Amino acid sequence: MSEPPEDPESEPPETSVAQRGVNFMLSYAARAGDYDVVAHALTPGGDPNYGRDFTFSPLHGALVCAWPQSCAERVDIVRHLLEHGADPDIRDREGCTPLYRAIEKGIAAAVVLLIEWGANVNTVDLSGRSAIDIAFQDRKIDIAILLRERYPELFTTWTRA
């Protein structure tokens, strides 16, 4: 006798302790900027969207960096996570997407990459700020220019948050 088909409304199976460990390692390796560990954690099926219910996802973690030169090195991690199914519009606990974090850190290459992978430039965070608001408020003029060149229609309706 065959098994009944799975109910699409059913709860997903519990994540094993080992899987949670891999996902935890992935999140913190991304935050630490360790490409090799990120790649290793994704190999056995690490969830690139792990943390969606917590503080930050691996994508958010990859964009947390202390110095501009270390931020630029994170673009490869962002690309690798996106290639493995990371959601470019996943939100952290403040309602910010990875695009917002890339703008705040001034990582233009990550901004372009996230937009190319479908990041929504029209979303707002929990404070009602858009990507353009963040670019101007954080004085990331080069990124504001980049957004204007790619999405001029955003500037026709933009009003300061």
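Read-outs throughout are calculated quantities, based only on the coordinates presented, and are distinct from any laboratory measurement. Here the structure is a predicted model, which means the values were calculated and not measured. Virtual Cβ from ideal backbone geometry, glycine too; neighbours counted across all protein chains shown.
Of note:
- For R74, the amide hydrogen comes within under 5 Å of no other amide hydrogen, counting only partners 5 or more places away or on other chains and with H modelled in the peptide plane.
- With semi-axes defined as the square roots of five times the eigenvalues of the C-alpha gyration tensor, the equivalent ellipsoid of region 17-157 measures 26, 15, 12 Å, largest first.
- Spin-label model distance (nm) - N122 vs H40, 7 Å beyond Cα toward Cβ: 4.3
- Trypsin sites (Lys or Arg not before Pro) restricted to DSSP loop in region 102-161 with at most 15 other C-beta within 10 Å: R139, R160
- Computed from the Cβ-Cβ distance with R0 of 45 Å, the FRET efficiency linking S16 to F155 stands at 0.40.
- A crude spin-label estimate for the pair Q137 and N49, with each label 7 Å from Cα along the Cβ direction, gives 2.6 nm.
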